[in-house]
C-alpha cells in the first residue's frame with residue numbers, strides 16, 4: 001500500500017488490523033477469505049450499531065410522546081425559536097445519546113487497539129484536499145438533488161406519494177439563524193459523529209468500500225422517507241469517502257453543513273423573494289458550483305488514483321475483494337440487533353409511502 005499520497009498518509013492507523021487476513025507471500029494471486037475472528041468481530045460490531053439504531057428509533061417515539069403531552073407543544077407550533085430548540089434537543093437525545101453509547105461499547109470492544117480512532121477529530125491531512133472535496137461535495141449535492149427529483153416525479157407519475165417532514169420557511173433574520181443552527185450546524189455535527197464516525201469507522205477493518213456503503217445505507221434509512229433517503233444514500237457515499245481520504249471527520253462535517261446550509265438558504269429565498277430573483281440565484285449558484293465541482297473532481301481523480309487506495313481486504317484479485325465484501329455484508333445483516341433495526345427502519349420508510357392511483 002502506497003502511503004506517500006500528495007495529500008498525506010492514508011490508512012496508516014488501519015494497516016495493523018489485518019494480521020489475520022494477510023496475502024500469502026508465496027501466493028500473491030490468492031483469494032483471502034474472511035477468517036473466523038473477523039466474522040465474529042463484524043457480527044458483534046454490527047450488533048452494537050444495530051442497538052444504537054434501535055435506541056434512536058424508540059427514543060424518537062418517546063421524545064414525541066413527551067412533547068405532545070406537555071404545554072410545549074403549543075409553543076412548538078407557533079414559535080420559531082421553540083420549534084428549532086426542540087429539534088436540537090431531539091438530535092441530542094435521539095442521536096448523540098444512542099451513538100454515544102455505541103462509541104463507549106465499541107471502544108471497550110477495541111480496547112487493545114488504543115491507536116484506533118472511532119471518531120477521528122484530528123486535523124485533515126491536507127487543506128488542499130478538503131477544499132477540492134468541498135467542490136466535489138457541492139457537485140454531488142446538485143447531481144443527487146436532480147436524481148432524487150426525477151425519482152420522486154417518476155414515482156408520482158405511477159401513483160405513489162412520499163410523505164416527508166418539512167420545516168417552515170424562515171420569515172425573519174432571527175428565524176433564519178435559528179434554522180441554520182438547528183438544520184445545518186447541529187445535524188452536521190451529530191449525524192457525522194454517529195454515521196461517519198461511530199458506524200463507518202468501526203466497520204473500516206472489514207474494508208473501506210464496505211464501510212462507506214454500509215454507513216450510507218444506514219444514513220439513508222435513518223431519514224425515514226423516500227424523498228430524502230435516495231439523496232442521503234448518494235451524498236452519504238461521498239461523505240464517507242471524503243472522511244476516509246482526509247482522515248478527519250471535520251471534512252464530512254464541512255460538506256454536510258454546506259449541503260444543509262444551501263438547502264436552508266434556497267428554501268428561505270423561495271419563500272421570501274420574487275420568483276425571478278430566486279430562479280436566477282438558483283441557476284447561477286448551481287452553475288458555478290457544478291463547474292468548480294467538476295474541476296475539483298478531475299483534480300482529485302488525477303492525483304488520487306495514482307497516490308493512494310482505499311483499503312480492500314480479500315487479496316490482490318478483484319474477485320477476492322468482491323467475495324470478502326459480500327461476506328462482510330452477509331455477517332453484518334445476520335446480527336440480530338442489526339437485522340431488527342433494518343426491518344424497523346425499512347418499515348418506517350414504507351409506512352410513509354402511499355398509493356393514490
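The values are calculated or read from the model by the stated rules, or taken from the named source; none is laboratory data. Quantities reported herein were computed from a predicted structural model and do not represent experimental measurements. All Cβ positions, even for glycine, are placed from backbone atoms using ideal geometry, and neighbour counts span all protein chains on display.
Is it true that some residue in region 66-83 is crowded, with 18+ Cβ neighbours inside 10 Å, in contact with a helix residue (DSSP H, G or I) (Cβ under 6 Å, 6 or more places away or on another chain) and farther than 30 Å from residue 207 by Cα? Looking through region 66-83, at least one residue is crowded, with 18+ Cβ neighbours inside 10 Å, in contact with a helix residue (DSSP H, G or I) (Cβ under 6 Å, 6 or more places away or on another chain) and farther than 30 Å from residue 207 by Cα. Tally the residues that are assigned to a helix (DSSP H, G or I) and surrounded by fewer than 18 Cβ atoms within 10 Å (Cβ to Cβ), restricting the search to region 114-133. Selection size over region 114-133: 3.
The criterion of at least 2 residues that are more than 22 Å from residue 343 (Cα to Cα) is met by the following helices (runs of 4 or more DSSP H) wholly inside region 169-262: 173-179, 186-191, 208-222, 229-246.
Tally the residues that are assigned to a helix (DSSP H, G or I) and either without any contact (Cβ under 8 Å) to a residue 60 or more places away in the chain or touching a helix residue (DSSP H, G or I) at 6+ places or on another chain (Cβ under 7 Å) (or both), restricting the search to region 148-166. Step through it out loud before you land on a result.
Initially, region 148-166 is screened for residues assigned to a helix (DSSP H, G or I), giving 148-157.
Subset that is either without any contact (Cβ under 8 Å) to a residue 60 or more places away in the chain or touching a helix residue (DSSP H, G or I) at 6+ places or on another chain (Cβ under 7 Å) (or both): 148-151, 153-154, 156-157.
Selection size over region 148-166: 8.
Could you please let me know if residue 256 is without any contact (Cβ under 8 Å) to a residue 12 or more places away in the chain, surrounded by 20 or more Cβ atoms within 10 Å (Cβ to Cβ), under 17 Å from the mean Cα position of the chain (by Cα) and under 26 Å from residue 97 (Cα atoms)? Walk me through how you get there before you give the answer.
Details: without any contact (Cβ under 8 Å) to a residue 12 or more places away in the chain: no; surrounded by 20 or more Cβ atoms within 10 Å (Cβ to Cβ): yes; under 17 Å from the mean Cα position of the chain (by Cα): yes; under 26 Å from residue 97 (Cα atoms): yes.
Considered against the rule, which asks whether it is without any contact (Cβ under 8 Å) to a residue 12 or more places away in the chain, surrounded by 20 or more Cβ atoms within 10 Å (Cβ to Cβ), under 17 Å from the mean Cα position of the chain (by Cα) and under 26 Å from residue 97 (Cα atoms), residue 256 comes out as no.
Just to be sure, is residue 235 under 20 Å from residue 99 (Cα atoms), at pLDDT 95 or above and either touching a helix residue (DSSP H, G or I) at 6+ places or on another chain (Cβ under 7 Å) or surrounded by fewer than 24 Cβ atoms within 10 Å (Cβ to Cβ) (or both)? Against the criterion (under 20 Å from residue 99 (Cα atoms), at pLDDT 95 or above and either touching a helix residue (DSSP H, G or I) at 6+ places or on another chain (Cβ under 7 Å) or surrounded by fewer than 24 Cβ atoms within 10 Å (Cβ to Cβ) (or both)), residue 235 does not qualify. Among the residues making up region 305-324, a single one is surrounded by fewer than 20 Cβ atoms within 10 Å (Cβ to Cβ), in a helix (DSSP H, G or I) and either touching a helix residue (DSSP H, G or I) at 6+ places or on another chain (Cβ under 9 Å) or on the phi > 0 side of the Ramachandran plot (or both): 321.
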